[in-house]
Amino acid sequence: MPLSETHASFTEAGREPCAKELPFPDVDLMHVWQLLEPGERTRLRGIRTFLQERVRPESLGYWNREEFPHHLLGEMAAHGLGGIELEDSSELFKGLVYVEAARADVSLSALIGIHNELIVGMIQELGSVEQKTRWLPALARFTALGAFALTEPGHGSDIAGGLSTTATREGDEWVISGAKRWIGAATMADFSLVWARDTTDNEIKAFIVESDRPGFSTIKISNKIGLRIMQNADIKLDSVRVPESNRLPGARNFAAANELL
Ligand SMILES: Cc1cc2nc3c(=O)[nH]c(=O)nc-3n(C[C@H](O)[C@H](O)[C@H](O)COP(=O)(O)OP(=O)(O)OC[C@H]3O[C@@H](n4cnc5c(N)ncnc54)[C@H](O)[C@@H]3O)c2cc1C
């Protein structure tokens, strides 16, 4: 769809669309594209075209309706947007992909960023071989989605010291109880990466909690003024049981290194 039709949808009912359209800024303002390898530059150009011509015109309606454009996930995956963190490409390329996503729709860029850095990246860096095998290929194809569940109703900026969701070991299982707030994509994700405090040693650990586990529930947060496509939710964890194999084995060292303990 040409951008002119997108602009027309901004106008109020009964009014004529603007006769003259401002050109869309299509320049390398910071002169960083030239630092990319030629192959990466060509690929980024393709991603920009896809995001501007396919995603941006459609996203406006989804933004207005607070809905998620599920049908775009397959095409986004075909452009590699589901597994950027698994690639061998440069950090500059990865960063510019996020910039391009934000130019198309800031809430979709939040999804792509969280999906890659906080879900794919965390499992890749901190997960077990079994967790990587089970989730990474599907996440890269966007046939699976995860949510990053750290913030709580009573703890935002102070989460490092205040995290109050608990995890208690019972045999080969963990029992997780607590609440999370503002969690992006939680209403539609296959699992949430839940950060909880071990009641035995007080350490913060991370668990893959599948959305169909008994005791796990979400409620969508509506009427946001920003990131309206992103489906943020309140999560309730009511004695949710997960096996020890769902705990991210590398998260303990990660939490310590980042002073989350
Ligand atoms: C759209 C959206 C998406 C989100 N997605 C996720 C997600 O996917 N996963 C997730 O875990 N979380 C998510 N969050 C939560 C986000 O990380 C928190 O909102 C953030 O950490 C701030 O916490 P808070 O909202 O409790 O605000 P608060 O921590 O209560 O802060 C409120 C205000 O007080 C200020 N403030 C706080 N502490 C101090 C201090 N000590 N000194 C001075 N000023 C201070 C802050 O700067 C801010 O202006 C999301 C939030 C939003 C709005």
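Please work out if Ala186 is surrounded by 22 or more Cβ atoms within 10 Å (Cβ to Cβ) and either part of a loop (DSSP other than H, G, I, E, B) or away from the ligand (no atom under 15 Å from the Cβ) (or both). Give the derivation first.
Working: surrounded by 22 or more Cβ atoms within 10 Å (Cβ to Cβ): yes; either part of a loop (DSSP other than H, G, I, E, B) or away from the ligand (no atom under 15 Å from the Cβ) (or both): yes.
Judged against the criteria, Ala186 is a match.
Return only the number of the condition from (1) assigned by TED's automatic domain parsing to the domain that holds Phe216; (2) within 16 Å of the ligand (Cβ to nearest atom); (3) in contact with a Gly (Cβ under 7 Å, 6 or more places away or on another chain) that Ile119 does not satisfy.
All conditions pass for Ile119, except number (1).
Name the pairs: first residue in region 132-155 and on the phi > 0 side of the Ramachandran plot, second residue outside any helix (DSSP H, G or I) and away from the ligand (no atom under 12 Å from the Cβ), Cβ to Cβ under 8 Å, at least 6 apart or on different chains?
Phe142/Leu81; Phe142/Gly82
Can you spot a residue in region 79-92 that is at pLDDT 95 or above, surrounded by fewer than 20 Cβ atoms within 10 Å (Cβ to Cβ) and either within 26 Å of Ala179 (Cβ to Cβ) or within 16 Å of the ligand (Cβ to nearest atom) (or both)?
no
Out of (1) of a type outside the set (Val, Ile, Thr); (2) out of contact with any strand residue (DSSP E or B) (no Cβ under 9 Å at 6 or more places or on another chain); (3) surrounded by fewer than 15 Cβ atoms within 10 Å (Cβ to Cβ); (4) not in a loop (DSSP other than H, G, I, E, B), the odd one out for Leu136 is which?
Of the numbered conditions (1) of a type outside the set (Val, Ile, Thr); (2) out of contact with any strand residue (DSSP E or B) (no Cβ under 9 Å at 6 or more places or on another chain); (3) surrounded by fewer than 15 Cβ atoms within 10 Å (Cβ to Cβ); (4) not in a loop (DSSP other than H, G, I, E, B), the odd one out for Leu136 is (3).
Any idea which residue in region 221-255 is nearest to Phe207 (Cα to Cα), counting only those that are assigned to a strand (DSSP E or B) and within 22 Å of the chain's Cα centre (by Cα)?
The initial filter retains those residues of region 221-255 that are assigned to a strand (DSSP E or B), namely 232-243, 247.
Filter again for within 22 Å of the chain's Cα centre (by Cα), leaving 232-237, 247.
Working: Asn232: 19, Ala233: 18, Asp234: 17, Ile235: 14, Lys236: 15, Leu237: 12, Arg247: 4 Å.
Top of the filtered list is Arg247.
Output yes when any residue across region 249-258 is closer than 24 Å to Ala140 by Cβ and buried (at least 22 other Cβ atoms within 10 Å of the Cβ), and no when none is. Steps first, please.
Here is the first cut: in region 249-258, the ones closer than 24 Å to Ala140 by Cβ are 249-251, 254.
Keeping just the survivors that are buried (at least 22 other Cβ atoms within 10 Å of the Cβ) gives none.
No: zero hits.
Residues being in a loop (DSSP other than H, G, I, E, B), more than 10 Å from the ligand (Cβ to nearest atom) and of a type outside the set (Ser, Thr, Tyr): count how many of those fall in region 146-177. Show your work before the answer.
Step one: list which residues in region 146-177 are in a loop (DSSP other than H, G, I, E, B), which gives 150-151, 153-154, 156-158, 163-165, 171-172.
Now narrow it down to the ones that are more than 10 Å from the ligand (Cβ to nearest atom): 163-165, 171-172.
Keeping just the survivors that are of a type outside the set (Ser, Thr, Tyr) gives 163, 171-172.
The qualifying residues number 3.
Out of the residues in region 208-225 that are β-branched (Val, Ile, Thr) and within 13 Å of the ligand (Cβ to nearest atom), state the one that is nearest to Val242 (Cα to Cα). Give the derivation first.
Here is the first cut: in region 208-225, the ones β-branched (Val, Ile, Thr) are 208-209, 218-219, 221, 225.
Pick out the ones that are also within 13 Å of the ligand (Cβ to nearest atom) and you get 218, 221, 225.
On the way: Thr218: 17, Ile221: 26, Ile225: 35 Å.
So, considering only residues that are β-branched (Val, Ile, Thr) and within 13 Å of the ligand (Cβ to nearest atom), the one nearest to Val242 (Cα to Cα) is Thr218.
Find the helices (runs of 4 or more DSSP H) located wholly in region 15-126 whose residues include 3 or more that are of a type in the set (Val, Ile, Thr) and more than 30 Å from Ile221 (Cα to Cα), and list them. Reasoning before the result, please.
Details: elements: 38-50, 56-65, 73-78, 91-104, 106-113, 121-126.
Correct list: 38-50.
Residues being more than 21 Å from the chain's Cα centre (by Cα) and modelled with pLDDT of 95 or more: count how many of those fall in region 166-203.
So in region 166-203, the residues more than 21 Å from the chain's Cα centre (by Cα) come out as 166-178, 197-203.
Restricting the remaining residues to those that are modelled with pLDDT of 95 or more gives 166-178, 197-200.
Of the residues in region 166-203, 17 are more than 21 Å from the chain's Cα centre (by Cα) and modelled with pLDDT of 95 or more.
The values are calculated or read from the model by the stated rules, or taken from the named source; none is laboratory data. The structure presented is a predicted model; accordingly, all values stated were derived computationally and were not measured. Virtual Cβ from ideal backbone geometry, glycine too; neighbours counted across all protein chains shown.
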